[in-house]
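**Student:** Take a look at the following structure, please.
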Amino acid sequence: MLTTRPRGTSDILPGEVEKWQYLEQVIRNLCREYGYREIRTPIFEHTELFERSVGEATDIVEKEMYTFKDRGNRSISLRPEGTAAVVRAYLENRLYAGPQPVKLYYLGPMFRYDRPQAGRYRQFHQFGVEALGSHDPALDAEVMAMAMDLYSRLGLKEIELHVNSLGCPQCRPVFRERLREFFRERDGVLCRHCRDRLERNPLRILDCKEEGCRGAAQGAPTVLGSLCSPCEDHFRAVLGYLEQLGVPYTVNPCLVRGLDYYNRTAFEVVARDVGAQSSIGGGGRYDGLVEACGGPDVPGIGFASGLERVLLAMERQGISVPSPPGLDVFLVAADEAAREQSLVLVQQLRKSGLAADRDYMGRSLKAQMKFAGKLGVGLVAICGAGELARGAVILRDMRTGIQEEVPLSKLVEEVKLRCTGRKESAPVNGNHAGA
Ligand code: AMP
């Protein structure tokens, strides 16, 4: 136990973490360009918030939340998704009183007690955006275009956007009843869960993966046939804007999404290469959510993408990310006197903005050189009693093996000179992201 992490979690080690940092940087640039600003909410919230917003009859709330009583006997849950907390923060901080829409994004860990497999974890990470305060279908199209823009910047190919409309509280009950009638006649072939869903949430039967339920769903009424005219107009406008923006899409009438709070636009982004867990992102409109959480009647639309799945898709498509620069220089001490002095020298280099390090394991000169090689450092500064007495240090270019003695007083300048050009990051291998 002491040396094993909990199931469904991961350690992101150096070597891997650079990919995360790159992805996060692409996301932050994207958000800035689309006018979204970052929000950071707590990792845990009152359980009631998720029950109210995600919905009590959803898999997430029924089966997947990490819920516990804190020492004050309050029911607390680790956040399973990001929208609920953003809406809570929008209300609590009265962001609705300022100019609308409020465009926010978040990046961070989410927690779901799910059966772990490739692309599905118990602690995973999401990037999400929420735009609150506008009904404009152009905003729906913008959010989808932004999601697709992200994947294309990352160099991902064969990414599909599936879109549907779920109607609104006026027209959805009609559709729900039509679905119920349709499936009641076929309830013998439905799985146990879907028989249960039949009364509570029949829309979910449409996206059940069980073979019997998929068969039963053939020929089921589609929500598009039940939309009221404002919802139909909204949906047509969304699709029209997507066309104007040149964003390819497929209307998928079976797309219902797992969370209760969606209305009108619902969408999902699917990648070919991530296996069973092919959904790399999804989102939709949630016009009733702010009010359901006790606030004013404010509409909203959002999107969330799982970072693990995006990275998995990138890996499977052979996309590499630019590697960040490592150390500029490694200080090698040839003897004890130089070793002491090198601590001060290395600090001077850092203070002048260079990335520098030295040995802390009492290695021999040869072993220090070998270690510097392993770190992949391009430049080594070797100092020994002789050089120090002359007020000098030897610079060795690790690629060419060429050595030069430079005055200590010019060390920073000489290192910087040699580092120019090296700082630019180079792709590791394979395709380059965004190529
Ligand atoms: P959802 O909040 O369920 O709509 O999920 C949005 C996105 O988060 C999905 O498209 C996935 O990319 C990702 N995701 C959801 N659940 C998990 C999980 N258990 N592990 C990894 N990624 C997940």
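**Student:** If I take the Cα coordinates of the chain and project them onto the principal axes, what are the three extents in Å, biggest first?
**Tutor:** 92, 51, 46
**Student:** Let me ask you something else. Within the accessible area of segment 1-111, what % is carbon and sulfur when the probe is 1.4 Å and the other protein chains stay in place?
**Tutor:** Working: 3270 of 6500 Å².
The nonpolar share, carbon plus sulfur, comes to 50 percent.
**Student:** I need the calculated FRET efficiency for the pair Glu243 and Arg32, taking r as the beta carbon distance and R₀ as 25 Å, to the nearest 0.05.
**Tutor:** 0.40
**Student:** Here's a follow-up. Please determine, in degrees from 0 to 90 and to the nearest 10, the orientation of helix 137-153 with respect to the longest principal axis defined by the Cα atoms of the chain, where the helix direction is its Cα long axis.
**Tutor:** Between helix and principal axis, roughly 40 degrees.
**Student:** A further question follows. For the chain, how many pairs of lysine residues have a Cα-Cα distance under 21 Å, where the two are 8 or more positions apart or belong to different chains?
**Tutor:** Pairs that pass both the separation and distance tests number 10.
**Student:** With a 1.4 Å probe and all protein chains kept in place, how do Arg418, Arg74 rank by accessible area, largest first? Numbers along the way, then the final one.
**Tutor:** Details: Arg418 55, Arg74 120 Å².
Heavy-atom accessible area, descending, gives Arg74, Arg418.
**Student:** Angle, helix 365-375 long axis vs. longest principal axis of the chain, Cα atoms, 0 to 90°, nearest 10?
**Tutor:** Approximately 20 degrees, to the nearest 10.
**Student:** With r defined as the distance between the Cβ atoms of Ile43 and Leu365 and R0 fixed at 51 Å, what FRET efficiency is calculated, to the nearest 0.05?
**Tutor:** The pair Ile43/Leu365 has a calculated efficiency of 0.60.
**Student:** Still on this structure, please answer the following. Taking a 1.4 Å probe, which of Ser278, Ser229, Ser305 shows the most accessible area, and what order do the others take after it?
**Tutor:** Final ranking, largest accessible area leading: Ser229, Ser278, Ser305.
**Student:** For the chain, give me the percentage of DSSP beta bridges that are antiparallel, rounded to the nearest 5 percent. Intermediate results must be reported in sequence, preceding the final value.
**Tutor:** Numbers: 52 of 65 bridges.
Antiparallel bridges make up about 80 percent of those DSSP assigns within the chain.
**Student:** Next up: Given bins 5 angstrom wide, list per bin the percent of all Cα-Cα distances in segment 326-374, short to long.
**Tutor:** Going from the shortest bin to the longest, the percentages are 5, 24, 33, 23, 14, 2.
**Student:** For the chain, what is the calculated [θ] at 222 nm in deg cm²/dmol (nearest 500), taking -39500 (n - 2.57) for each run of four or more DSSP H residues and dividing by its residue count?
**Tutor:** It comes out at -10500 deg cm²/dmol, rounded to the nearest 500.
**Student:** For segment 34-106, which GluC sites (Glu not before Pro) pass both filters: DSSP loop (anything but H, G, I, E, B) and at most 15 other C-beta atoms within 10 Å? Kindly include the intermediate steps, with their values, before the conclusion.
**Tutor:** Numbers: sites: Glu38, Glu45, Glu48, Glu51, Glu56, Glu62, Glu64, Glu81, Glu92; in loops: Glu56, Glu81.
When the GluC sites (Glu not before Pro) of segment 34-106 are filtered for loop state and at most 15 Cβ neighbours within 10 Å, Glu56 remain.
**Student:** Carbon and sulfur atoms: what percent of the 1.4 Å accessible area of segment 272-373 do they account for? Can you show the working numbers first?
**Tutor:** Numbers: 2280 of 4320 Å².
Carbon plus sulfur share of accessible area: 53 percent.
**Student:** Still on this structure, please answer the following. With every atom except the alpha carbons ignored, what do you get for Rg and Dmax of segment 329-419, in angstroms?
**Tutor:** Expressed in Å, the Cα Rg and Dmax of segment 329-419 come to 11.6, 30.
**Student:** Highest first, please rank the peptides 4-15, 349-360 by the mean number of other Cβ atoms sitting within 10 Å of their residues.
**Tutor:** 349-360, 4-15
**Student:** Where in segment 324-353 does the label zone of Thr420 land, with the point 7 angstrom along Cα→C-beta and an amide N cut-off under 18 Å?
**Tutor:** Residues 328-329, 352-353 fall inside that zone.
**Student:** Put a dot 7 Å past each Cα toward the Cβ at Met398 and Glu181; how far apart are the dots in nm?
**Tutor:** 7.4
**Student:** While we're here: Using a 1.4 angstrom probe with every protein chain in place, what is the largest-first accessible-area order of Tyr22, Tyr113, Tyr66? It would help to have the intermediate numbers written out before the result.
**Tutor:** Details: Tyr22 45, Tyr113 115, Tyr66 70 Å².
Ranking Tyr22, Tyr113, Tyr66 by accessible area, largest first, yields Tyr113, Tyr66, Tyr22.
**Student:** Now a separate question. Express in Å², to the nearest 10, the accessible area of Val269 obtained by rolling a 1.4 Å probe over the protein heavy atoms while all chains stay in place.
**Tutor:** Near enough 0 Å² of accessible area.
**Student:** Using a Förster distance of 30 angstrom, determine the FRET efficiency expected from the C-beta separation of Glu160 and Gln25, and round it to 0.05. Numbers along the way, then the final one.
**Tutor:** Working: r = 26 Å, r/R0 = 0.85.
E between Glu160 and Gln25, to the nearest 0.05, is 0.70.
**Student:** What is the extension gain from Tyr113 to Arg236, computed as 0.36 nm multiplied by their sequence separation minus the C-alpha to C-alpha distance, in nm to one decimal?
**Tutor:** 40.5 nm
**Student:** How long is the gain from Ala276 to Arg7 if the chain were fully straight, where each residue apart is worth 0.36 nm and the alpha carbon distance is subtracted?
**Tutor:** 94.9 nm
The values are calculated or read from the model by the stated rules, or taken from the named source; none is laboratory data. Just so you know, these numbers come straight off a predicted model, no measurement behind them. Cβ atoms come from the backbone with ideal geometry, glycine included; neighbour counts cover every protein chain shown. To get the accessible areas, we keep the full protein, side chains included, count just its heavy atoms, and leave off ligands, DNA and RNA. Shrake-Rupley method; radii C 1.70, N 1.55, O 1.52, S 1.80 Å.
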